[in-house]
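Chemist: Following this message is one structure expressed as C-alpha cells.
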Amino acid sequence: MTALDVTIFSLGILLMLAGAAGAFLPVIPGLPLNWLVLLGYGFWSGWGPYGFWTMLLTGMAVAAGLVGDQLAGAMGAKKFGSSKAGMIGAFVGAIVGVIFLNIPGLILGTFFGAMLAEIVFDKKEAMAAADSGAGALLGCLAGGVFKFVISMIITLAYVWMVLGYDPPEASRPSQDASPLSQEYLFTGGVEA
C-alpha cells in the first residue's frame, strides 16, 4: 500500500467508526455511511479487495439494520402503550436532546419527548405517558444496539478485506478496464 492508500484506508476507518456512533446519534446516518465508505473504497481501489457480492450482502445488512431499528422502536413503544404522537415525540426529542446535551440528551430527549407528546396530544395521565416514554427509550436503545452491531461487523469486514488483500502480480487490474465497468465490479479487474 502506498502512503495515499493508507491515508484513504484510515479515513475510511474513521468514517466507519462515525457510522457506528450513528447507531445511537440520530444526526449521523450510521449504516448508510458505512456502506458508502465500502462503495468509495471499492471505486478507489479498483474493486480489488472486494466486489459485487460484498456490496450486495452489506447493502442487505444495512437495509435489515434500518428496518430492524424502526421495528424495535415501534415495538418497544407499542408494548408500553405509546401512540403515534408518542413515537414522533420520541424521535423529535432525541434529535433536540442530542443537539443540546449529546448522549445524555439523546436518552432524556427520547423519554421526555414521548412523554410530553402523549400528555399533550393523546391527553394521557403522567404515569401512562411515562410508560410510553420508557417503551420508546427501550425500543430506541434496542434498535441502536442492533445497528451498532451491524456497523461494527461491516467495519471489521472492511479492515479484514483491505488489509488481507495482496494481489499476485498476475492479478493486477488490467489497464483497459474502467473502474466503472462490469469487469471491475465483478472481478476487481482481473482478466480471465
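Only the coordinates and a few stated rules stand behind these numbers; no lab work does. Just so it is clear, the model here is predicted, and its values are computed rather than measured. Cβ placement follows ideal geometry from the backbone for every residue including glycine, while neighbour counts extend to all protein chains displayed.
Chemist: Only Lys, Arg, Asp and Glu count, each charged at its Cβ (+1, +1, -1, -1), so figure out the dipole size of the chain about its Cα centre, rounded to 20 debye.
Modeler: On the way: 7 positive and 11 negative charges, 154 e Å.
The dipole of the chain has a size of about 740 debye.
Chemist: Taking only Cα atoms, what is the 0 to 90° angle, nearest 10, from helix 30-45's long axis to the longest principal axis of the chain?
Modeler: The helix 30-45 is inclined about 10 degrees to the chain.
Chemist: To the nearest 0.05, what FRET efficiency results for Tyr165 and Ile28 with a Förster distance of 25 Å applied to their C-beta separation?
Modeler: Numbers: r = 28 Å, r/R0 = 1.12.
Once rounded, the FRET efficiency stands at 0.35.
Chemist: What is the Å³ per residue value for the convex hull set by the Cα atoms of the stretch 3-184?
Modeler: 113
Chemist: Answer with one residue from Ala21, Leu106, Leu4: the one whose Cα lies farthest towards the positive end of the charge dipole of the stretch 3-184, charges on Cβ with Lys, Arg +1 and Asp, Glu -1.
Modeler: Of Ala21, Leu106, Leu4, it is Leu106.
Chemist: Sort 153-166, 104-117 by packing, meaning the average of other beta carbons within 10 Å per residue, with the highest value first.
Modeler: Working: 153-166: 15.3, 104-117: 22.9.
Ranked from most to least packed, the peptides come out as 104-117, 153-166.
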